[in-house]
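Single-structure report; data block below.
The values are calculated or read from the model by the stated rules, or taken from the named source; none is laboratory data. This one's a predicted model, so the numbers in the text were calculated from it and none came from an experiment. When we count neighbours, we look across all protein chains shown, and the Cβ atoms used for this are built from the backbone with ideal geometry, even at glycine.
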């Protein structure tokens, strides 16, 4: 976003013109014009169609020139060949923002359109977008239903936005603002999200993004949203991409674009979710007052059920999602007991054992005791509540009263109360939704939403700023082991003593200089072991000559490395790699290495370059981390040496944008340090964007 052209004209213009307005409800121009007219109490609205006509008594004007006041925001809904002319006319009359719903033609035409707009000091949303809606400024420039609420949505899919809107409406929530990004030729996802961080009515930010553009800037915006107390819930695609199977390195297979987005979200304090339903369930939970965990304890949940079975299943649903269902303290158990008749459950989950049926007020009294206690961060009510009036309409009034008492208790406590019920759309549930208490039809929805909330935590970007890639160093000629080894050695990596040879005689001479036993490697294959290009523990000249002969037959290589055989005690094989992403730049990866790297897929990722502290934290995230810290009495490896190696690889890759991938596999981590046993790089097929 530029200081010269801020986005106030996008979200709260003094005047709007819809070019391509129509009186036909089958056309986009009708709905855009109808929506624009709904904001006439706040701004002037002009409808433009050179063929004439009117809508709701407002006549269509032939063009933008000669209007009573110059439009600040022009919405373009005309055929693609006419878009540029409309934009040029809008710039001539002083428009500051264009929302182009129409397709903009080919990519070159769209780039030219963006240059025309930005060159004129204005901003462009789209082209090929669904428009935008801002409830706080009475701006409605889109088609579809957009219920009002606290969620700000940025989306590259119009239909997905409509689905999210309908799910929010069913949950009693809606949108504070909606922005359809389209092809992002100017205003991009980072611009739109940054504006939502500053948008007071927005309490939760949601986004569906396929093209992340400037990923480094986006990461900073996500962290800023977290710092501002506005959680970001993100959806994207890419988990099913088959391209990883053809990667030229283990790193290429393990550091997918989706995994990169997941790592960036984790570091920035945002949540990467799986579906529109999960996004809405989590958003509603957050809007109810559920807060990320604080301190070091796990996220704690207290459960109240009017059925022992449902309470137990709710406890399991929470536990398998990483939530804690703790034993109640003596004080809280006493408070719960005071609200229950003799024989009812006083442990967590609390089993009402029919007490709720005898007195609906029991639900509120028990929930209040749990919400007031210090044992739980959230309370889940599971079972029949909300459905009593369906069987006995005479209970409708009392059930609604208790629903209000439940909402009062949650509001007074500052903690979240979630209700799982077998009912649907009853008066009591309407009360809960109206008061901001989340209602779920399935217990796994409630547990998943709370689990997502528990994953929100202070971002790394708030503790150490995301580092920009360093200036590029002179490019390397290739990604061969010999070249990459020299590069990484210059950055402080340790490798075994080695010599590079082309014949068996040279190999024997090299081995005698290094000292037997040695390792022989064929230069060329990316996955040397699978190609028959590695021979270990060669103890004498005869075994070396035999290995050389077999290797030349298997690989056809013309150049070989003879290296000292290194086998320190208590060592573990790791993989360290960097993959350069077109949106996010270099991304570092560390994981369990060797030939099983892809099989185990135990990795952790972070944007590169990174600090030693961040590298240590990545190691701690691995499932196999206990092996590194001393499993069953074995000595720990030198985590400092491993972290230094990770940082060195990350920095080397960041300095060489011509490398699409850079990898050490394996890095042998042991109590005395870390030594790289193999490495290679992959040159980029085409240049990466500047800064990435």
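Is it the case that the stretch 267-278 has a residue that's modelled with pLDDT of 90 or more, in contact with a helix residue (DSSP H, G or I) (Cβ under 6 Å, 6 or more places away or on another chain), over 30 Å from residue 590 (Cα atoms) and assigned by TED's automatic domain parsing to the domain that holds residue 169?
yes
Inspect the stretch 418-430 for any residue being closer than 30 Å to residue 673 by Cβ and surrounded by fewer than 16 Cβ atoms within 10 Å (Cβ to Cβ) and give the result as yes or no.
Checked against the condition, which is being closer than 30 Å to residue 673 by Cβ and surrounded by fewer than 16 Cβ atoms within 10 Å (Cβ to Cβ), the stretch 418-430 yields no hits at all.
Just checking: which of the strands (runs of 3 or more DSSP E) contained wholly in the stretch 1-91 hold 3 or more residues that are touching a residue at least 24 places away in the same chain (Cβ under 8 Å)?
Filter on the stretch 1-91 gives 15-19, 44-48, 73-76.
Inside the stretch 102-118, can you point out the residues that are out of contact with any helix residue (DSSP H, G or I) (no Cβ under 6 Å at 6 or more places or on another chain) and part of a loop (DSSP other than H, G, I, E, B)?
106
Are any residues in the stretch 551-560 assigned to a helix (DSSP H, G or I) and surrounded by 13 or more Cβ atoms within 10 Å (Cβ to Cβ), and if so, which ones? Walk me through it before giving the result.
Here is the first cut: in the stretch 551-560, the ones assigned to a helix (DSSP H, G or I) are 551-555.
Answer for the stretch 551-560, where residues must be assigned to a helix (DSSP H, G or I) and surrounded by 13 or more Cβ atoms within 10 Å (Cβ to Cβ): 551, 552, 554, 555.
Among the helices (runs of 4 or more DSSP H) confined wholly to the stretch 582-692, which include 2 or more residues that are under 27 Å from the mean Cα position of the chain (by Cα) and over 30 Å from residue 211 (Cα atoms)?
Qualifying helices (runs of 4 or more DSSP H): 612-621.
For the stretch 411-432, indicate whether the set of residues that are more than 32 Å from the chain's Cα centre (by Cα) and farther than 30 Å from residue 383 by Cα is non-empty.
Checking the stretch 411-432: not a single residue is more than 32 Å from the chain's Cα centre (by Cα) and farther than 30 Å from residue 383 by Cα.
Just checking, which of 483, 448, 489 is in a helix (DSSP H, G or I), closer than 29 Å to residue 228 by Cα and either at pLDDT below 95 or not assigned by TED's automatic domain parsing to the domain that holds residue 218 (or both)?
Of the residues listed, the single one that is in a helix (DSSP H, G or I), closer than 29 Å to residue 228 by Cα and either at pLDDT below 95 or not assigned by TED's automatic domain parsing to the domain that holds residue 218 (or both) is 448.
Name the residue, out of 531, 547, that is touching a helix residue (DSSP H, G or I) at 6+ places or on another chain (Cβ under 9 Å) and assigned to a loop (DSSP other than H, G, I, E, B).
Details: 547 fails: assigned to a loop (DSSP other than H, G, I, E, B).
Exactly one of 531, 547 is touching a helix residue (DSSP H, G or I) at 6+ places or on another chain (Cβ under 9 Å) and assigned to a loop (DSSP other than H, G, I, E, B), namely 531.
Could you figure out which of (1) on the phi < 0 side of the Ramachandran plot; (2) not assigned by TED's automatic domain parsing to the domain that holds residue 182 isn't true of residue 162?
All conditions are met except number (2).
Quick grid of which residues meet (1) surrounded by fewer than 23 Cβ atoms within 10 Å (Cβ to Cβ); (2) more than 16 Å from residue 20 (Cα to Cα):
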| position | (1), (2) |
| --- | --- |
| 56 | yes, no |
| 62 | yes, no |
| 65 | yes, no |
| 70 | yes, yes |
| 89 | yes, no |
| 92 | yes, yes |
| 95 | no, yes |
| 104 | no, no |
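Return the total of residues in the stretch 378-413 being over 19 Å from residue 365 (Cβ atoms) and touching a residue at least 12 places away in the same chain (Cβ under 8 Å). Don't jump to the end; show me each part of the working.
Residues of the stretch 378-413 over 19 Å from residue 365 (Cβ atoms): 387, 389-394, 396.
Filter once more, keeping what is touching a residue at least 12 places away in the same chain (Cβ under 8 Å): 387, 389-390, 396.
Qualifying residue count, the stretch 378-413: 4.
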